[in-house]
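The structure appears below as structure tokens.
The values are calculated or read from the model by the stated rules, or taken from the named source; none is laboratory data. The structure displayed is predicted, hence computed values, not measured ones. Neighbour counts are summed over all protein chains in view; Cβ atoms, including those assigned to glycine, are modelled from backbone coordinates with ideal geometry.
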Amino acid sequence: MGLYLSIFKSKLFRFFGKSLKVKESWEEMPSQFQDMTSFLNWFDAAKSIDESLTNAQIDWVGRFKQGDCFQSVPKKNALEIGFGGGRLLSQSARDFDHVYGIDIHHNFEMSKLFLDTQGIKNVTLLHRDQIDLVPSGSIDFVYSFIVFQHFDSIAEVDFYLNQIDRVLSTDGVAQIYFGKNKNEGVKVTTEKDFILRDCSLFINPLAMRERVGARFNVLAYSDILPKKLNGYFGESVQAMILFKKQVHR
Ligand SMILES: C[S@@+](CC[C@H](N)C(=O)[O-])C[C@H]1O[C@@H](n2cnc3c(N)ncnc32)[C@H](O)[C@@H]1O
């Protein structure tokens, strides 16, 4: 089934009061795409492989590489939470000796094929439940873009904050983009209201800073970001937070 047909079906589901599970849709949908363009399109809405690669370079450079701290971060290991098709891995793998990718979808073969065609060999793809295989204290840069907004609970944010605390190296930093709630606190979309691929978790940026700041040193944050970096498309639904481990004396 094509992507747009699937989204239409999910809208019909909602119209008839049926529910759609957020996590299951991210796990299962990617397995139905046979060609690379449709596969990549599911994750980043690009209409061709070239567009996906161009957007990947724009996002990697503009959202991460030009950011505070990036230049001074050691470049041994990085970790991407929610690598999707692998477009950002294809960029980060050129800046780090090795990159781990974590995701929950069931079509890693297609992501591997995409990375292969880009000549990328220095990556390890792991399912979320295998994250323990990433050695503690080994990661210099943890990053995530358009992923936390797709979680189905705040517990998933805490799961990753625990893991970031475990894997970050002493000089390492984490840069996480998340869906922002303009109201107070956290808002989660119910299964009944969820439409395929839409955002499902919205966190007030101040609440996120408090959550992260309780255990990490917050280095920078940005609550208002452009939706795209190549032209004016309005404000992004995401906010960003940059942090590192607290130093215990
Ligand atoms: C919109 S795509 C973005 C992919 C990639 N970050 C990019 O910029 O192209 C969202 C990704 O988040 C992943 N995802 C959703 N929930 C997740 C979770 N709990 N843990 C890890 N990845 C998750 C999805 O499988 C999907 O690959």
Note to self: Show the residue pairs meeting these rules: Cβ distance below 7 Å; 6+ apart or different chains; first residue within region 22-46 and within 15 Å of Q149 (Cα to Cα); second residue outside any loop (DSSP other than H, G, I, E, B) and within 11 Å of the ligand (Cβ to nearest atom).
What the structure shows: W26/H150; D44/S52; D44/N55
Check: Of all residues in region 144-159, how many are of a type in the set (D, E) and assigned to a loop (DSSP other than H, G, I, E, B)?
Finding: 1
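Table: residues versus (1) within 15 Å of the ligand (Cβ to nearest atom); (2) part of a loop (DSSP other than H, G, I, E, B); (3) at pLDDT 95 or above.
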position: Q91; (1), (2), (3): yes, no, yes
position: G101; (1), (2), (3): yes, no, yes
position: H106; (1), (2), (3): yes, yes, yes
position: M110; (1), (2), (3): yes, no, yes
position: L115; (1), (2), (3): yes, no, yes
position: K121; (1), (2), (3): no, yes, yes
position: G137; (1), (2), (3): no, yes, yes
position: V142; (1), (2), (3): yes, no, yes
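Quick check on region 170-180. Is at least one of its residues surrounded by fewer than 19 Cβ atoms within 10 Å (Cβ to Cβ), touching a strand residue (DSSP E or B) at 6+ places or on another chain (Cβ under 8 Å) and touching a residue at least 12 places away in the same chain (Cβ under 8 Å)?
Yes: one or more hits.
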Checklist line | Unique match (being in contact with a Pro (Cβ under 9 Å, 6 or more places away or on another chain) and under 23 Å from G172 (Cβ atoms)) among D59, D97, D132, D140 | finding: D140
Notebook entry, point to check: Which one is farthest from T124 (Cα to Cα) among residues in region 71-87 that are touching a strand residue (DSSP E or B) at 6+ places or on another chain (Cβ under 6 Å) and in a loop (DSSP other than H, G, I, E, B)?
Noted result: V73
Check: Of F148, F70, F83, F159, which residue is aromatic (F, W, Y) and farther than 24 Å from R215 by Cα?
Finding: F83
Check: Only one of A214, A155 is away from the ligand (no atom under 15 Å from the Cβ) and surrounded by fewer than 18 Cβ atoms within 10 Å (Cβ to Cβ); which?
Finding: A214
Next item on the list: Among the residues of region 41-56, write down those that are in a helix (DSSP H, G or I), surrounded by fewer than 16 Cβ atoms within 10 Å (Cβ to Cβ) and not charged (D, E, K, R).
Entry: T54
Checklist line | Evaluation of V186 against (1) farther than 27 Å from S236 by Cα; (2) within 16 Å of the ligand (Cβ to nearest atom); (3) surrounded by fewer than 20 Cβ atoms within 10 Å (Cβ to Cβ); (4) more than 15 Å from the chain's Cα centre (by Cα) (one fails), failing number | finding: (1)
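Does region 131-150 contain any residue that is without any contact (Cβ under 8 Å) to a residue 40 or more places away in the chain, surrounded by 14 or more Cβ atoms within 10 Å (Cβ to Cβ) and within 15 Å of F83 (Cα to Cα)?
yes
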